[in-house]
Amino acid sequence: MSDNVRELRTGPHSISLVSLEEAVEWVLAAVDEADGPCKQVMASGFHGLWAAVSNAQTSDELSHVDLWVPDGIAPVLMARLLGASEVARVPGPDLFPAVMKAAPVEAVLRHFLYGDTDDTLEALHRHIEATYPRNEVVGVHSPPFTPAAKVAPSETIDEINNSGADILWVGLGTPKQDLWIARNRHLLQVPVAVAVGAAFRFEIGKVDRAPDWVGRSGLEWAYRLTREPRKLWRRVFLEGGQFLAWSAWAMATGRVTLAEREIEAD
């Protein structure tokens with residue numbers, strides 16, 4: 001796949017303003033054109049962007065993401081304010097099932113699930129194979145908890161590589177999942193690794209997702225805050241405030257711009 005797409009650029013980071021359908025096409029193209037290093041896909045909103053711009057090491061590690069799509073409303077609003085009025089979100093919990101629904105008729109799409117708990121992965125394994133024809137789960141792994149700052153190269157790489165997976169889905173939360181992929185991708189032989197946050201739990205109904213109209217209005221963060229206040233209050237009120245101040249400054253000074261480039265999965 002090769003197309004010119006608009007991007008929101010913040011220094012070394014580029015968020016591709018693609019549609020859900022275009023993101024699915026890119027992931028499947030990466031599977032088809034599997035030669036070469038593992039591709040990294042990141043689906044994140046303000047939390048991932050703030051992690052990237054507020055920490056020098058994280059900024060460097062996330063500057064090599066192959067496809068970064070706007071999971072949350074923040075980058076979408078920034079792009080709209082800069083003139084890209086047609087931009088919409090591409091949430092990880094939408095990308096996850098959309099790829100499976102688009103699996104080629106003539107082949108089986110093989111998946112490895114990394115992250116969350118054993119119970120979640122077991123339920124998700126059953127759900128995928130019962131719900132999505134032409135898809136097979138070839139491996140799952142629930143890693144022990146590690147703070148994002150201490151994420152290291154994984155001891156499960158051989159297990160993932162030997163599974164024959166076409167796609168590695170990583171659900172560890174932002175930015176931990178993205179740093180995990182960035183630090184392991186040179187060892188991974190799977191064609192593409194996609195970070196999708198809480199998609200595993202959303203997919204099996206373990207966590208309720210906001211209604212569609214809430215997501216479209218940009219208020220999914222508020223909906224999730226009411227459901228998981230202890231987990232999200234710091235992110236919303238502390239990091240969210242810092243991000244708003246930074247984004248206002250960055251847009252006013254031209255640190256955030258719209259650009260266009262060709263994205264390729266090969």
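Extension gain for the segment residue 80 to residue 35, taken as residue separation times 0.36 nm less the Cα-Cα distance, is 12.6 nm to one decimal.
Nearest 5 is fine: what % of DSSP beta bridges in segment 2-206 come out antiparallel, could you say?
On the way: 4 of 27 bridges.
If I count the DSSP bridges inside segment 2-206, around 15 percent turn out antiparallel.
The angle separating the long axis of helix 118-131 from the principal Cα axis of greatest extent in the chain is about 80 degrees.
Determine the shape class of segment 64-204: with a ≥ b ≥ c the square roots of the Cα gyration tensor eigenvalues, call it rounded for a/c under 1.5, and otherwise prolate if a/b is greater than b/c, oblate otherwise. Judged from the Cα gyration tensor, segment 64-204 comes out oblate (a/c at least 1.5, b/c at or above a/b).
Pull out the extension gain between residue 242 and residue 146, defined as 0.36 nm times the separation in residues minus the alpha carbon to alpha carbon distance; nm, one decimal.
Working: separation 96, 0.36 × 96 = 34.56 nm, distance 2.48 nm.
Length difference between fully extended and current span is 32.1 nm.
The ranking of 244, 113 by Cβ neighbour count inside 10 Å, starting from the fewest, reads 244, 113.
Principal-axis analysis of the Cα atoms of the chain puts helix 20-32 at an angle of about 40° to the longest axis.
Taking segment 1-43 and a reference point 7 angstrom along Cα→Cβ of residue 257, the backbone N atoms nearer than 20 Å belong to 4-18. With each label modelled as a point 7 angstrom along the Cα→C-beta vector, the residue 231-residue 19 pair spans 3.1 nm.
Given charges of +1 on the Cβ of Lys and Arg and -1 on the Cβ of Asp and Glu, with all other atoms neutral, how large is the dipole of segment 2-206 about its Cα centre, in debye to the nearest 20?
Values: 15 positive and 27 negative charges, 128 e Å.
The dipole magnitude comes to about 620 debye.
Throughout, read-outs are computed from the coordinates displayed, never taken from laboratory work. Small disclaimer: the values here were computed from a predicted structure and weren't measured. Glycine also receives a Cβ, built like all others from the backbone with ideal geometry; neighbour counts cover every protein chain displayed.
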